[in-house]
1. So, for the stretch 281-405, what is the accessible surface per residue at a probe of 1.4 Å, expressed in square angstrom?
2. Can you list the HN-Hα couplings for the stretch 445-457, worked out from phi with the Karplus curve (6.51, -1.76, 1.60; θ = phi - 60°), rounded to whole Hz and with x for Gly and Pro?
3. What does the charge count near HIS376 come to, summing +1 for each Lys or Arg and -1 for each Asp or Glu among other residues with Cβ under 13 Å from its Cβ?
4. Taking a ≥ b ≥ c as the square roots of the eigenvalues of the Cα gyration tensor of the stretch 249-298, is the shape rounded (a/c under 1.5), prolate (a/b larger than b/c) or oblate?
5. Kindly work out what percent of the DSSP beta bridges joining two residues of the chain are antiparallel, to the nearest 5.
6. Over the stretch 281-405, what is the percentage of antiparallel beta bridges among all DSSP beta bridges, to the nearest 5?
7. Return the loop-located GluC sites (Glu not before Pro) in the stretch 217-269 (DSSP other than H, G, I, E, B) with at most 16 other Cβ atoms within 10 Å of their own Cβ; answer none if there are none.
8. What's the angle, to the nearest 10 degrees (0 to 90), between helix 206-225's Cα axis and the longest principal axis of the chain?
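The values are calculated or read from the model by the stated rules, or taken from the named source; none is laboratory data. Remember, predicted model here, so these are calculated numbers, not experimental data. With ideal geometry, Cβ positions are generated from the backbone for all residues, glycine too; neighbour counts draw on all protein chains shown. For the accessible areas, the whole protein counts, side chains as well, though only heavy atoms, and no ligand, DNA or RNA atoms are used. Shrake-Rupley method; radii C 1.70, N 1.55, O 1.52, S 1.80 Å.
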Amino acid sequence: PEETVTSSFASFIHAVRPEHLSKTVRQRSKRMILDSIGVGLVGSTTHVFDIALRYCRLYSSVAVSSVYGKPGVKLSPTLAAFTNGVATHSMDFDDTWHPATHPSGAVLPALLAASQMLPPSTKPNGMDFLLAFNVGLEVQGRLMHFSTEAHDIPKRFHPPSVVGTMGSAAATAKLLSLSAAQCGHALGIAASLAGAPMANAATQAKPLHIGNATRLGFEAALLAARGMEANPLILDDIPGCSGFSAFYSVYQPKPLSTPSDHHEFLLEKQDIAFKRFPAHLGMHWVVDAALSVRNLFINYAGSFSPSLIRTIVLKIPVSKYINRPFPSSEHQARHSFQFNACTALLDGEVGLSSFTESSIHRQEVRELLDKVVVEHPEDNVANFDKMYGEVALLLHSGDVLTGKCDTFYGHWRKPLSKESLLKKFRSNASHVLPEEKIEAIITMVDNLENLSDSSQL
(Lines give C-alpha, C1' and ligand atoms only; values in the text may rest on other atoms or scores of the structure.)
Protein backbone atom coordinates (compact mmCIF):
# COMPACT_ATOMS: atom_id res chain seq x y z
CA PRO A 1 0.00 0.00 0.00
CA GLU A 2 1.08 3.57 -0.67
CA GLU A 3 2.55 5.21 2.42
CA THR A 4 0.42 7.91 4.04
CA VAL A 5 1.23 10.51 6.66
CA THR A 6 -0.66 8.46 9.24
CA SER A 7 1.04 5.20 8.34
CA SER A 8 4.44 6.90 8.48
CA PHE A 9 3.75 8.05 12.04
CA ALA A 10 2.53 4.59 13.00
CA SER A 11 5.62 2.98 11.50
CA PHE A 12 7.88 5.42 13.32
CA ILE A 13 6.24 4.77 16.69
CA HIS A 14 6.55 1.02 16.20
CA ALA A 15 10.08 0.97 14.75
CA VAL A 16 12.01 3.59 16.71
CA ARG A 17 14.60 2.13 19.06
CA PRO A 18 16.55 3.36 22.10
CA GLU A 19 19.73 3.72 20.06
CA HIS A 20 18.02 6.47 18.06
CA LEU A 21 18.08 8.74 21.13
CA SER A 22 21.12 10.97 21.13
CA LYS A 23 22.92 11.98 24.31
CA THR A 24 21.40 15.47 24.04
CA VAL A 25 17.87 14.12 23.66
CA ARG A 26 18.27 11.76 26.60
CA GLN A 27 19.64 14.51 28.82
CA ARG A 28 17.00 17.07 27.88
CA SER A 29 14.14 14.63 28.30
CA LYS A 30 15.40 13.51 31.71
CA ARG A 31 15.40 17.16 32.80
CA MET A 32 11.79 17.34 31.64
CA ILE A 33 10.83 14.18 33.52
CA LEU A 34 12.40 15.40 36.75
CA ASP A 35 10.80 18.85 36.50
CA SER A 36 7.40 17.37 35.66
CA ILE A 37 7.50 15.03 38.66
CA GLY A 38 8.36 17.94 40.95
CA VAL A 39 5.61 20.10 39.51
CA GLY A 40 3.15 17.22 39.92
CA LEU A 41 4.19 16.70 43.53
CA VAL A 42 3.66 20.32 44.55
CA GLY A 43 0.50 20.35 42.43
CA SER A 44 -0.88 17.58 44.62
CA THR A 45 -1.30 20.17 47.37
CA THR A 46 -3.88 22.22 45.43
CA HIS A 47 -7.65 22.43 45.74
CA VAL A 48 -8.31 21.48 42.12
CA PHE A 49 -6.21 18.33 42.57
CA ASP A 50 -8.28 17.37 45.62
CA ILE A 51 -11.47 17.72 43.58
CA ALA A 52 -10.07 15.47 40.83
CA LEU A 53 -8.80 12.88 43.31
CA ARG A 54 -12.10 12.67 45.17
CA TYR A 55 -13.88 12.17 41.86
CA CYS A 56 -11.52 9.42 40.70
CA ARG A 57 -11.70 7.49 43.96
CA LEU A 58 -15.39 6.90 43.26
CA TYR A 59 -14.43 4.71 40.30
CA SER A 60 -11.15 3.10 41.33
CA SER A 61 -11.85 -0.62 40.92
CA VAL A 62 -8.39 -1.83 39.85
CA ALA A 63 -6.16 0.27 42.07
CA VAL A 64 -2.58 -0.40 40.94
CA SER A 65 -1.15 3.01 39.95
CA SER A 66 0.26 5.64 42.31
CA VAL A 67 -0.91 9.21 42.84
CA TYR A 68 1.41 12.21 43.21
CA GLY A 69 1.90 13.28 46.80
CA LYS A 70 -0.40 10.64 48.30
CA PRO A 71 1.57 7.71 49.74
CA GLY A 72 -0.53 4.57 49.88
CA VAL A 73 -3.23 5.92 47.56
CA LYS A 74 -3.62 4.06 44.28
CA LEU A 75 -6.16 4.32 41.45
CA SER A 76 -6.94 2.44 38.29
CA PRO A 77 -4.24 3.24 35.68
CA THR A 78 -6.16 5.67 33.51
CA LEU A 79 -7.62 7.54 36.48
CA ALA A 80 -4.17 7.78 38.06
CA ALA A 81 -2.93 9.28 34.78
CA PHE A 82 -5.81 11.75 34.82
CA THR A 83 -5.28 12.76 38.44
CA ASN A 84 -1.53 13.18 38.05
CA GLY A 85 -2.05 15.15 34.85
CA VAL A 86 -4.33 17.54 36.75
CA ALA A 87 -1.66 17.89 39.46
CA THR A 88 0.99 18.70 36.86
CA HIS A 89 -0.96 21.65 35.44
CA SER A 90 -2.82 22.74 38.59
CA MET A 91 -0.43 25.67 39.13
CA ASP A 92 0.53 26.25 35.48
CA PHE A 93 4.06 25.38 36.58
CA ASP A 94 4.84 22.76 33.91
CA ASP A 95 7.25 22.99 30.97
CA THR A 96 6.41 24.68 27.66
CA TRP A 97 7.65 23.97 24.14
CA HIS A 98 7.58 25.88 20.86
CA PRO A 99 5.23 25.78 19.03
CA ALA A 100 3.23 26.34 22.18
CA THR A 101 2.18 23.36 24.27
CA HIS A 102 2.93 21.70 27.62
CA PRO A 103 4.51 18.43 26.42
CA SER A 104 5.59 16.52 29.53
CA GLY A 105 2.41 16.65 31.59
CA ALA A 106 0.39 15.10 28.77
CA VAL A 107 2.72 12.09 28.48
CA LEU A 108 4.56 11.32 31.71
CA PRO A 109 1.54 10.48 33.93
CA ALA A 110 0.29 7.94 31.38
CA LEU A 111 3.68 6.22 31.23
CA LEU A 112 4.05 6.15 35.02
CA ALA A 113 0.59 4.59 35.41
CA ALA A 114 1.09 2.13 32.55
CA SER A 115 4.41 0.99 34.01
CA GLN A 116 2.67 -0.03 37.21
CA MET A 117 -0.22 -1.64 35.31
CA LEU A 118 1.92 -4.11 33.37
CA PRO A 119 2.62 -7.54 34.91
CA PRO A 120 6.09 -8.23 36.35
CA SER A 121 7.18 -10.28 33.34
CA THR A 122 6.64 -7.35 30.95
CA LYS A 123 7.72 -4.37 33.03
CA PRO A 124 9.47 -1.81 30.77
CA ASN A 125 12.98 -0.85 31.79
CA GLY A 126 14.19 2.72 32.12
CA MET A 127 15.41 2.95 28.53
CA ASP A 128 12.03 1.71 27.25
CA PHE A 129 10.39 4.36 29.39
CA LEU A 130 12.71 7.12 28.14
CA LEU A 131 12.11 6.10 24.53
CA ALA A 132 8.32 6.07 24.94
CA PHE A 133 8.47 9.50 26.57
CA ASN A 134 10.43 10.88 23.62
CA VAL A 135 8.01 9.28 21.15
CA GLY A 136 5.23 11.21 22.88
CA LEU A 137 7.22 14.44 22.58
CA GLU A 138 8.15 13.83 18.95
CA VAL A 139 4.56 13.21 17.85
CA GLN A 140 3.39 16.40 19.58
CA GLY A 141 6.15 18.47 18.02
CA ARG A 142 5.68 17.11 14.50
CA LEU A 143 1.93 17.71 14.59
CA MET A 144 2.39 21.31 15.73
CA HIS A 145 4.83 21.98 12.92
CA PHE A 146 2.13 21.08 10.38
CA SER A 147 0.40 24.44 10.95
CA THR A 148 1.74 27.99 11.10
CA GLU A 149 -1.21 28.76 13.37
CA ALA A 150 0.36 26.59 16.09
CA HIS A 151 3.40 28.88 16.37
CA ASP A 152 1.43 31.71 17.99
CA ILE A 153 -0.15 31.96 21.44
CA PRO A 154 -3.41 30.00 21.02
CA LYS A 155 -6.84 31.58 20.65
CA ARG A 156 -9.28 28.72 19.93
CA PHE A 157 -8.16 25.58 21.74
CA HIS A 158 -5.58 24.70 24.39
CA PRO A 159 -2.81 22.88 22.45
CA PRO A 160 -1.99 20.13 25.00
CA SER A 161 -5.62 19.05 24.94
CA VAL A 162 -5.11 18.26 21.24
CA VAL A 163 -1.48 17.37 20.49
CA GLY A 164 -0.97 16.16 24.07
CA THR A 165 -3.70 13.56 23.66
CA MET A 166 -2.00 12.35 20.49
CA GLY A 167 1.38 12.30 22.22
CA SER A 168 0.02 10.31 25.14
CA ALA A 169 -1.50 7.77 22.74
CA ALA A 170 1.77 7.44 20.83
CA ALA A 171 3.90 7.14 23.98
CA THR A 172 1.63 4.56 25.58
CA ALA A 173 1.39 2.59 22.33
CA LYS A 174 5.17 2.45 22.27
CA LEU A 175 5.44 1.40 25.91
CA LEU A 176 2.85 -1.34 25.33
CA SER A 177 4.71 -2.56 22.21
CA LEU A 178 1.71 -2.25 19.90
CA SER A 179 1.98 -3.23 16.25
CA ALA A 180 2.35 -0.53 13.59
CA ALA A 181 -1.32 -0.92 12.64
CA GLN A 182 -2.40 -0.62 16.27
CA CYS A 183 -0.24 2.51 16.68
CA GLY A 184 -2.08 4.07 13.76
CA HIS A 185 -5.45 3.19 15.24
CA ALA A 186 -4.38 4.59 18.62
CA LEU A 187 -3.70 7.94 16.92
CA GLY A 188 -7.05 7.79 15.16
CA ILE A 189 -8.95 7.03 18.35
CA ALA A 190 -7.06 9.75 20.24
CA ALA A 191 -8.07 12.35 17.64
CA SER A 192 -11.72 11.67 18.52
CA LEU A 193 -10.98 12.27 22.20
CA ALA A 194 -9.03 15.52 21.79
CA GLY A 195 -9.77 19.19 22.29
CA ALA A 196 -10.63 21.86 24.88
CA PRO A 197 -11.56 25.53 24.33
CA MET A 198 -9.33 28.39 25.47
CA ALA A 199 -12.29 29.99 27.26
CA ASN A 200 -11.56 27.72 30.23
CA ALA A 201 -8.08 29.16 30.68
CA ALA A 202 -7.62 30.85 34.06
CA THR A 203 -10.26 28.60 35.65
CA GLN A 204 -10.13 25.39 37.68
CA ALA A 205 -11.13 23.54 34.50
CA LYS A 206 -7.84 24.29 32.70
CA PRO A 207 -5.81 21.62 34.59
CA LEU A 208 -8.38 19.09 33.34
CA HIS A 209 -7.00 19.70 29.84
CA ILE A 210 -3.72 18.03 30.80
CA GLY A 211 -5.43 15.37 32.90
CA ASN A 212 -7.72 14.45 30.02
CA ALA A 213 -4.92 14.52 27.45
CA THR A 214 -2.78 11.99 29.31
CA ARG A 215 -5.73 9.82 30.34
CA LEU A 216 -7.56 9.79 26.99
CA GLY A 217 -4.41 9.15 24.98
CA PHE A 218 -3.69 6.25 27.33
CA GLU A 219 -7.23 4.94 26.82
CA ALA A 220 -6.87 5.28 23.04
CA ALA A 221 -3.81 3.03 23.12
CA LEU A 222 -5.60 0.50 25.35
CA LEU A 223 -8.58 0.44 22.99
CA ALA A 224 -6.32 -0.05 19.98
CA ALA A 225 -4.53 -2.87 21.80
CA ARG A 226 -7.90 -4.59 22.19
CA GLY A 227 -8.75 -4.35 18.51
CA MET A 228 -10.58 -1.05 18.10
CA GLU A 229 -9.96 0.56 14.72
CA ALA A 230 -10.11 4.16 13.52
CA ASN A 231 -9.60 6.09 10.29
CA PRO A 232 -6.21 5.04 8.88
CA LEU A 233 -5.80 8.50 7.31
CA ILE A 234 -6.48 10.51 10.45
CA LEU A 235 -3.33 12.67 10.09
CA ASP A 236 -3.59 13.11 6.32
CA ASP A 237 -5.13 16.15 4.66
CA ILE A 238 -8.15 14.71 2.85
CA PRO A 239 -10.22 17.36 1.03
CA GLY A 240 -13.82 17.44 2.18
CA CYS A 241 -13.28 15.19 5.19
CA SER A 242 -11.31 16.62 8.09
CA GLY A 243 -9.19 14.39 10.28
CA PHE A 244 -6.64 15.99 12.57
CA SER A 245 -6.91 19.02 10.26
CA ALA A 246 -10.20 19.85 12.03
CA PHE A 247 -8.14 21.59 14.72
CA TYR A 248 -6.20 23.89 12.38
CA SER A 249 -7.33 26.33 9.69
CA VAL A 250 -4.03 25.80 7.88
CA TYR A 251 -2.75 22.23 7.93
CA GLN A 252 0.05 20.82 5.76
CA PRO A 253 1.11 17.39 7.06
CA LYS A 254 4.29 15.61 6.04
CA PRO A 255 5.31 11.96 6.49
CA LEU A 256 7.59 11.10 9.39
CA SER A 257 10.58 9.19 8.05
CA THR A 258 11.37 5.73 9.35
CA PRO A 259 14.03 6.07 12.04
CA SER A 260 17.58 5.44 10.92
CA ASP A 261 20.98 5.73 12.51
CA HIS A 262 20.83 9.47 11.85
CA HIS A 263 17.27 10.27 12.89
CA GLU A 264 17.14 13.65 14.63
CA PHE A 265 14.42 14.17 17.21
CA LEU A 266 12.89 17.63 17.43
CA LEU A 267 14.11 17.85 21.01
CA GLU A 268 17.64 17.80 19.59
CA LYS A 269 17.01 21.11 17.81
CA GLN A 270 14.41 22.73 20.09
CA ASP A 271 14.96 22.76 23.85
CA ILE A 272 12.22 23.25 26.44
CA ALA A 273 11.28 26.24 28.60
CA PHE A 274 11.16 25.54 32.35
CA LYS A 275 9.20 27.96 34.52
CA ARG A 276 10.78 29.57 37.58
CA PHE A 277 7.41 30.40 39.14
CA PRO A 278 3.89 28.94 38.78
CA ALA A 279 2.16 31.05 36.14
CA HIS A 280 1.44 31.17 32.41
CA LEU A 281 4.64 31.29 30.36
CA GLY A 282 3.91 34.80 29.05
CA MET A 283 4.17 36.11 32.60
CA HIS A 284 7.86 35.28 32.75
CA TRP A 285 8.74 38.06 30.29
CA VAL A 286 6.92 40.80 32.19
CA VAL A 287 8.19 39.60 35.57
CA ASP A 288 11.83 39.73 34.44
CA ALA A 289 11.19 43.17 32.90
CA ALA A 290 9.51 44.33 36.12
CA LEU A 291 12.38 43.06 38.29
CA SER A 292 14.83 44.89 36.04
CA VAL A 293 13.01 48.24 36.29
CA ARG A 294 12.50 47.70 40.04
CA ASN A 295 16.27 47.60 40.49
CA LEU A 296 16.58 50.83 38.51
CA PHE A 297 13.90 52.40 40.69
CA ILE A 298 15.66 51.40 43.93
CA ASN A 299 18.94 52.86 42.63
CA TYR A 300 17.00 56.01 41.69
CA ALA A 301 14.96 56.48 44.89
CA GLY A 302 16.79 54.41 47.48
CA SER A 303 13.84 52.07 48.00
CA PHE A 304 10.73 50.93 46.17
CA SER A 305 8.15 53.63 46.87
CA PRO A 306 4.88 53.11 44.94
CA SER A 307 3.72 56.64 45.83
CA LEU A 308 6.37 58.04 43.45
CA ILE A 309 4.84 56.15 40.49
CA ARG A 310 2.18 57.88 38.40
CA THR A 311 1.68 55.23 35.68
CA ILE A 312 2.93 51.71 34.94
CA VAL A 313 3.05 51.00 31.20
CA LEU A 314 3.13 47.37 30.08
CA LYS A 315 4.12 46.70 26.49
CA ILE A 316 2.88 43.20 25.75
CA PRO A 317 1.55 41.17 22.80
CA VAL A 318 -2.16 40.95 22.06
CA SER A 319 -3.52 37.87 23.81
CA LYS A 320 -6.91 38.32 25.38
CA TYR A 321 -6.93 35.47 27.88
CA ILE A 322 -3.74 36.65 29.62
CA ASN A 323 -4.65 40.35 29.60
CA ARG A 324 -6.51 40.54 32.92
CA PRO A 325 -6.45 43.97 34.60
CA PHE A 326 -7.98 42.95 37.97
CA PRO A 327 -7.80 39.18 38.59
CA SER A 328 -10.02 37.93 41.39
CA SER A 329 -8.91 34.30 41.73
CA GLU A 330 -5.75 32.24 41.92
CA HIS A 331 -6.11 30.95 38.37
CA GLN A 332 -6.90 34.36 36.91
CA ALA A 333 -3.83 35.79 38.66
CA ARG A 334 -1.62 33.15 37.06
CA HIS A 335 -2.91 34.40 33.69
CA SER A 336 -2.59 38.16 34.25
CA PHE A 337 0.24 40.24 32.80
CA GLN A 338 -0.84 43.08 35.07
CA PHE A 339 -0.90 41.11 38.32
CA ASN A 340 2.46 39.42 37.76
CA ALA A 341 4.18 42.68 36.82
CA CYS A 342 2.78 44.48 39.87
CA THR A 343 3.62 41.61 42.22
CA ALA A 344 7.20 41.54 40.96
CA LEU A 345 7.47 45.31 41.41
CA LEU A 346 6.04 45.19 44.93
CA ASP A 347 7.76 42.07 46.30
CA GLY A 348 10.88 41.73 44.18
CA GLU A 349 9.86 38.17 43.33
CA VAL A 350 6.99 35.94 42.21
CA GLY A 351 6.54 32.52 43.83
CA LEU A 352 4.08 30.01 45.20
CA SER A 353 2.82 32.39 47.88
CA SER A 354 2.12 35.13 45.34
CA PHE A 355 -1.09 33.40 44.25
CA THR A 356 -2.74 32.87 47.62
CA GLU A 357 -6.04 34.68 48.16
CA SER A 358 -4.49 37.03 50.72
CA SER A 359 -1.68 37.99 48.32
CA ILE A 360 -4.00 38.54 45.38
CA HIS A 361 -6.31 40.88 47.29
CA ARG A 362 -3.64 42.98 49.01
CA GLN A 363 -4.44 46.68 48.97
CA GLU A 364 -0.88 47.47 47.84
CA VAL A 365 -1.29 45.24 44.76
CA ARG A 366 -4.67 46.77 43.93
CA GLU A 367 -3.22 50.27 44.13
CA LEU A 368 -0.49 49.34 41.66
CA LEU A 369 -2.99 47.63 39.34
CA ASP A 370 -4.95 50.90 39.22
CA LYS A 371 -1.87 52.57 37.72
CA VAL A 372 -1.34 50.06 34.88
CA VAL A 373 -1.79 51.02 31.25
CA VAL A 374 -1.38 48.36 28.54
CA GLU A 375 0.10 48.97 25.10
CA HIS A 376 0.45 46.50 22.21
CA PRO A 377 3.39 47.49 19.98
CA GLU A 378 3.13 46.09 16.45
CA ASP A 379 6.52 44.43 16.73
CA ASN A 380 5.52 42.53 19.89
CA VAL A 381 3.88 39.45 18.40
CA ALA A 382 1.97 36.78 20.34
CA ASN A 383 4.61 34.13 19.81
CA PHE A 384 6.72 32.57 22.55
CA ASP A 385 9.80 32.62 20.32
CA LYS A 386 9.50 36.30 19.29
CA MET A 387 7.61 38.24 21.98
CA TYR A 388 9.06 40.55 24.60
CA GLY A 389 7.87 42.19 27.80
CA GLU A 390 8.50 45.82 28.70
CA VAL A 391 7.60 47.63 31.92
CA ALA A 392 7.95 51.41 32.12
CA LEU A 393 7.47 53.45 35.30
CA LEU A 394 6.31 57.01 34.67
CA LEU A 395 7.13 58.93 37.82
CA HIS A 396 5.43 62.02 39.23
CA SER A 397 8.79 63.78 38.83
CA GLY A 398 8.52 63.35 35.06
CA ASP A 399 11.30 60.77 34.90
CA VAL A 400 10.74 57.45 33.14
CA LEU A 401 12.40 54.17 34.08
CA THR A 402 12.17 51.17 31.74
CA GLY A 403 12.91 47.46 31.96
CA LYS A 404 12.69 45.08 29.01
CA CYS A 405 13.03 41.31 28.58
CA ASP A 406 13.11 39.42 25.29
CA THR A 407 14.46 36.13 26.73
CA PHE A 408 13.74 35.21 30.34
CA TYR A 409 15.90 32.82 32.36
CA GLY A 410 14.41 29.38 31.74
CA HIS A 411 13.49 30.03 28.08
CA TRP A 412 14.85 27.53 25.54
CA ARG A 413 17.29 30.22 24.38
CA LYS A 414 18.44 30.71 27.98
CA PRO A 415 17.89 27.35 29.70
CA LEU A 416 17.96 26.79 33.43
CA SER A 417 21.25 25.49 34.76
CA LYS A 418 21.36 22.06 36.35
CA GLU A 419 21.64 23.75 39.74
CA SER A 420 18.55 25.90 39.12
CA LEU A 421 16.51 22.95 37.89
CA LEU A 422 17.48 20.83 40.90
CA LYS A 423 16.68 23.72 43.25
CA LYS A 424 13.20 24.00 41.72
CA PHE A 425 12.62 20.24 41.96
CA ARG A 426 13.77 20.00 45.57
CA SER A 427 11.62 22.97 46.55
CA ASN A 428 8.52 21.54 44.86
CA ALA A 429 8.98 17.97 46.05
CA SER A 430 9.68 19.06 49.64
CA HIS A 431 6.02 20.00 50.06
CA VAL A 432 5.08 16.30 50.15
CA LEU A 433 8.23 14.14 50.35
CA PRO A 434 11.09 13.73 52.84
CA GLU A 435 14.61 14.62 51.76
CA GLU A 436 15.80 11.03 51.28
CA LYS A 437 13.01 10.27 48.79
CA ILE A 438 13.62 13.52 46.93
CA GLU A 439 17.27 12.64 46.47
CA ALA A 440 16.35 9.07 45.46
CA ILE A 441 14.12 10.39 42.66
CA ILE A 442 16.89 12.71 41.42
CA THR A 443 19.33 9.80 41.31
CA MET A 444 16.83 7.47 39.65
CA VAL A 445 15.92 9.92 36.87
CA ASP A 446 19.56 10.81 36.30
CA ASN A 447 20.33 7.12 35.79
CA LEU A 448 17.09 6.23 34.03
CA GLU A 449 18.84 4.37 31.22
CA ASN A 450 20.12 1.83 33.74
CA LEU A 451 16.86 1.28 35.62
CA SER A 452 15.71 -2.34 35.29
CA ASP A 453 12.06 -1.63 36.16
CA SER A 454 10.63 1.80 35.33
CA SER A 455 7.64 1.25 37.62
CA GLN A 456 10.04 1.97 40.51
CA LEU A 457 9.62 5.64 39.62
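1. Values: 5230 Å² over 125 residues.
With the other protein chains kept in place, the stretch 281-405 gives 42 Å² per residue.
2. For the stretch 445-457, the Karplus-derived couplings read 5, 5, 10, 4, 4, 9, 6, 7, 9, 5, 5, 5, 4 Hz, x marking Gly and Pro.
3. Neighbourhood net charge equals -2.
4. Taking the square roots of the gyration eigenvalues as a ≥ b ≥ c, the stretch 249-298 is prolate.
5. Roughly 80 percent of the beta bridges in the chain run antiparallel, per DSSP.
6. Details: 12 of 16 bridges.
So the antiparallel bridges amount to about 75 percent of the total.
7. GLU229, GLU264
8. 10
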